[in-house]
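Below is one structure, written out as structure tokens, with a few remarks after it.
Derivation of every value follows stated rules applied to the coordinates shown; laboratory data play no part. All values reported here derive from a predicted model rather than from experimental measurement. Neighbour counts run over all protein chains shown; Cβ positions are idealised from the backbone, glycine included.
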Amino acid sequence: MTDEKTAAPAGAAPSRDFDLLRRLSATPELGPLILLIVMLIVFTSINPAFLSLNNISNALTFTVELGLIALGMTLLMTSGEFDLSVGSVFGFTAVVMWTLINSTELGMPLSFAIAMGVAILIGAVNGFFVTRLKIPSFLVTLGMLLVVRGSALWLTSGFPQRTWETGQQWLAEVLVGDFCIGGTGDFCSGGLRVYMSLIWFIVIAAMLHYVLTRTRFGNWIQATGGNPAAARNRGVPIRRVKMLLFMLTSALAGLAGIISSIRVSAANPNSGTTYELEVIAMVVIGGTALMGGRGTILGTVLGVLILRLMRNGIVLIGVPGLAYNIFIGAIILGMMALHSALERRHNEGT
Amino acid sequence: MTTPIVEMRGIEKFYGRIHALRGVNLQVNRGEIVGLLGDNGAGKSTLIKVLSGAVPYTSGQILINGKEVALTSTNDAIDAGVETIYQDSALVPQLSIARNLFLGRELTRGPLGRLDQGEMNRVATDLLRRVGITKNIPPTTPISSLSGGERQAVAIARAMYFDSEIIILDEPTNNLGVAETQGVLNFVRDARDKGHACIFIAHNIHHVFQVVDRMVVMRRGEVAADDLSPKTSSIQDVENIITGEHLAA
Ligand SMILES: Nc1ncnc2c1ncn2[C@@H]1O[C@H](COP(=O)(O)OP(=O)(O)O)[C@@H](O)[C@H]1O
Ligand SMILES: [Mg+2]
């Protein structure tokens with residue numbers, strides 16, 4: 001037994017402080033969870049209306065549209081790539097669907113399928129440029145952002161697409177219908193109005209969480225982002241993994257755009273502008289590493305809630321909405337500092 | 001005469017204009033540890049990357065157990081029974097020991113590829129004990145919190161589990177302490193005694209002398225000598241061949 005054993009992690013009884021840090025670094029969701037709770041307490045103590053069912057239900061409705069994109073982006077970023085074109089795809093997919101509905105006899109389900117196909121194709125092109133031509137995803141998806149946004153504007157000459165009353169369509173009902181829990185009357189007074197989009201968000205979040213943490217494909221996603229050379233050496237098809245995740249992210253962006261267009265009864269070629277930044281913010285606040293290898297769907301769900309409650313809360317407590325970005329920027333910087341400090345601590349502890 | 005387990009014939013490799021391998025012939029027999037030596041840039045890593053399917057070769061033939069194989073991917077090589085332990089590109093730091101052991105060959109249940117985490121952890125615990133990690137390290141520990149020797153042991157455990165016929169170790173003793181190095185050398189001897197063939201690359205010529213049956217020296221992309229025995233050659237002789245000094249004499 002010589003001295004190299006002293007470098008090993010076991011040994012001295014860890015102090016309580018070290019234990020907490022350990023737990024924090026092993027559980028990236030803990031930081032955002034604490035932040036969320038603090039925000040809830042602060043906002044509610046300033047304005048008790050914050051926790052009203054009505055307010056929660058309103059906040060959640062918008063939330064899930066961006067949240068859907070963030071779920072796909074979480075897996076993509078875990079594999080070491082990201083996608084700046086999601087905001088454009090959000091706007092473009094809805095425009096494609098409504099243009100088809102308005103100017104052809106295809107009907108809504110078929111138009112929906114075609115529009116989703118277009119979104120998936122955009123993701124495939126992103127994936128092709130990144131994995132086959134080896135161009136960094138920043139450049140590829142920045143280019144795609146412009147191409148797709150430009151296409152949406154060109155297709156519509158810049159005007160919003162007419163969206164007729166979709167109330168009768170079963171597909172619209174499935175995507176954005178709502179039901180009332182515990183309330184009465186048309187306005188669901190006293191109860192919680194739940195939109196189908198929330199159900200979609202929960203179902204997809206649960207599925208992707210399962211995929212990422214419990215399946216072989218999830219293992220491949222983490223390995224692809226964590227050490228691509230090792231993954232390749234073990235025969236993990238890292239290009240196919242990334243390709244699929246680009247397509248998934250784009251599909252979810254398209255779905256979110258369609259849901260949003262039905263909800264607000266407008267398919268605006270400009271909608272979704274700058275959503276890519278907000279989505280990436282949600283994901284990194286939740287604890288997913290920008291450089292890949294570590295990702296958490298639970299964290300992203302928390303990140304989604306944090307950003308929405310922040311937007312909602314600062315209006316409720318009377319801070320001008322224009323100051324929103326100051327808070328978001330500060331939260332991103334703070335959370336990144338926390339995650340990187342924990343990571344460093346984690347690595348030094350070995 | 002038994003057929004060699006690995007036979008590489010006339011392997012040529014160009015990286016663009018760099019001629020990294022110039023008609024290399026290499027044979028490795030069952031139950032033999034071959035030490036691959038050579039200065040930096042001699043082509044050792046390139047040669048074993050060819051054998052492990054990680055880089056395509058320009059021309060030449062590779063036979064495993066007497067049958068010609070086309071190693072166009074690392075999967076081909078793993079399926080042919082070649083397990084490579086790279087010095088730094090073997091493991092994913094964020095993933096657990098068990099998940100690294102089974103990376104690319106995960107144990108799953110059902111059509112959705114659900115990981116059989118329990119079985120993977122059980123096997124991993126067993127393997128860790130077999131490669132001499134006696135400290136109680138749970139198989140769910142991420143690689144990032146292991147020491148260099150422990151990481152090497154995990155990579156070696158993988159070769160043991162898959163019971164690969166041919167085990168390649170590229171500088172496995174770099175950055176290791178004395179006891180950890182002995183662990184690696186013991187493993188290599190063990191594997192040889194069980195009939196595996198090993199190709200062992202190490203910078204430290206003393207480590208090579210301790211463990212190999214035969215030494216192959218590469219210089220500037222060619223094999224300069226392929227039948228040196230640690231019993232009959234001195235370290236000085238071998239060093240002279242590595243540097244090309246014996247030619248000048
Ligand atoms: N990926 C690569 N691209 C271009 N040249 C390379 C690459 N890998 C190795 N080489 C070159 O091939 C030669 C052999 O390198 P290598 O096989 O790594 O030698 P060794 O492992 O013996 O030090 C060197 O001249 C090296 O610069
Ligand atoms: Mg080398």
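Key figures
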item: GNM top mover of B:V216, B:V28, B:V178 - chain B, alpha-carbon springs below 10 Å; result: B:V178
item: Pairwise label distance in nanometres, B:I18 with A:S52, each label 7 Å out on the Cα-Cβ vector; result: 6.9
item: Calculated P(r) of the protein assembly as shown - Cα pairs past 46 Å, %; result: 30
item: Degrees between helix A:30-46 axis and first principal axis of chain A (Cα, 0 to 90, nearest 10); result: 60
item: Rough spin-label spacing in nm, given labels placed 7 Å along Cα→Cβ, for A:F327 and A:I114; result: 4.3
item: The range A:49-348 - Debye-derived log10 I(q)/I(0), Cα point model, q = 0.09, 0.10, 0.14, 0.16 Å⁻¹; result: -0.45, -0.56, -1.08, -1.35
item: Phi to ³J(HN,Hα) by Karplus 6.51 cos²θ - 1.76 cosθ + 1.60 over the range B:33-48, Hz, x for Gly, Pro; result: 10, 9, x, 9, 10, x, 5, 4, x, 6, x, 4, 4, 4, 4, 6
item: For the range B:41-188, average projected area of the Cα convex hull in nm²; result: 10.3
item: 3J(HN,Hα) from dihedral phi, the range B:208-222, Karplus parametrisation 6.51/-1.76/1.60, rounded to Hz, x for glycine, proline; result: 4, 4, 5, 10, 8, 8, 8, 10, 10, 10, 10, 9, 6, x, 10
item: Low-density loop cleavage sites - trypsin sites (Lys or Arg not before Pro) in the range B:1-49, where at most 15 other Cβ are within 10 Å (DSSP); result: B:R17
item: As computed over the range B:16-87, the Cα convex hull volume per residue (Å³); result: 112
item: Most fluctuating residue given options B:D163, B:D237, B:D226, as computed from a GNM of chain B linking Cα atoms under 10 Å; result: B:D237
item: Chain B: angle of helix B:148-162 to the longest principal axis, Cα-based, in degrees nearest 10; result: 90
item: Three-way shape label, the range B:91-157, alpha-carbon gyration tensor, a/c 1.5; result: prolate
item: Cα gyration tensor category, rounded, prolate or oblate, for the range B:118-232 with a/c compared to 1.5; result: prolate
item: Over chain B: Kirkwood hydrodynamic radius from C-alpha pairwise inverse distances, Å; result: 18.8
item: Sorted by Cβ neighbour density within 10 Å, fewest at the top, the residues A:H339, A:H209, B:H19; result: B:H19, A:H209, A:H339
item: Residues of type lysines that B:K135 reaches as a straight line, Cα spacing below 19 Å, ignoring anything fewer than 8 places off in the same chain; result: A:K5
item: Theoretical ellipticity at 222 nm over chain B - DSSP helices of four or more residues, -39500 (n - 2.57) apiece, nearest 500; result: -9500 deg cm²/dmol
item: Spatial separation of Cα centroids for the range B:131-164 and the range A:94-166, in angstrom; result: 48
item: Loop-located chymotrypsin sites (Phe, Trp or Tyr not before Pro) in the range A:216-295 whose Cβ has at most 11 other Cβ within 10 Å (DSSP); result: none
item: Residue of B:T74, B:T125, B:T58 that the Gaussian network model of chain B assigns the largest fluctuation, springs spanning Cα pairs under 10 Å; result: B:T58
item: A:Q161 long-range amide H proximity, modeled H, under 5 Å; result: A:A267, A:N268
item: Separation in nanometres of the label points that stand 7 Å from Cα toward Cβ, at A:S157 and A:D178; result: 3.5
item: Sequence-distant lysines (8 or more away, or on other chains) whose Cα lies within less than 18 Å of A:K242; result: A:K134
item: For the range B:131-180, projected area of the alpha-carbon convex hull averaged over all directions, nm²; result: 4.0
item: Cβ-Cβ FRET estimate between A:I34 and A:L142, R0 fixed at 35 Å, reported to 0.05; result: 0.55
item: Candidate lysines for bridging to B:K67, where Cα separation is under 26 Å - those fewer than 8 sequence places away on the same chain excluded; result: B:K13, B:K44, B:K49, B:K194
item: Across the protein assembly as shown: Cys residues that no other cysteine approaches within a C-beta distance under 4.7 Å; result: B:C198
item: Nearest 10 degrees, 0 to 90: helix B:117-130 Cα axis against chain B principal axis; result: 50
item: Formal net charge of residues neighbouring B:Q61 (Cβ-Cβ distance under 13 Å; K, R +1; D, E -1); result: -1
item: B:K67-A:M336 FRET efficiency (beta carbon distance; Förster radius 56 Å; 0.05 resolution); result: 0.55
item: Within chain A, helix-based [θ] at 222 nm, where runs of 4 or more DSSP H residues each add -39,500 (n - 2.57), nearest 500; result: -23500 deg cm²/dmol
item: Taking A:M144, A:M243, A:M207 and counting other C-beta atoms within 10 Å, the order from fewest to most; result: A:M207, A:M243, A:M144
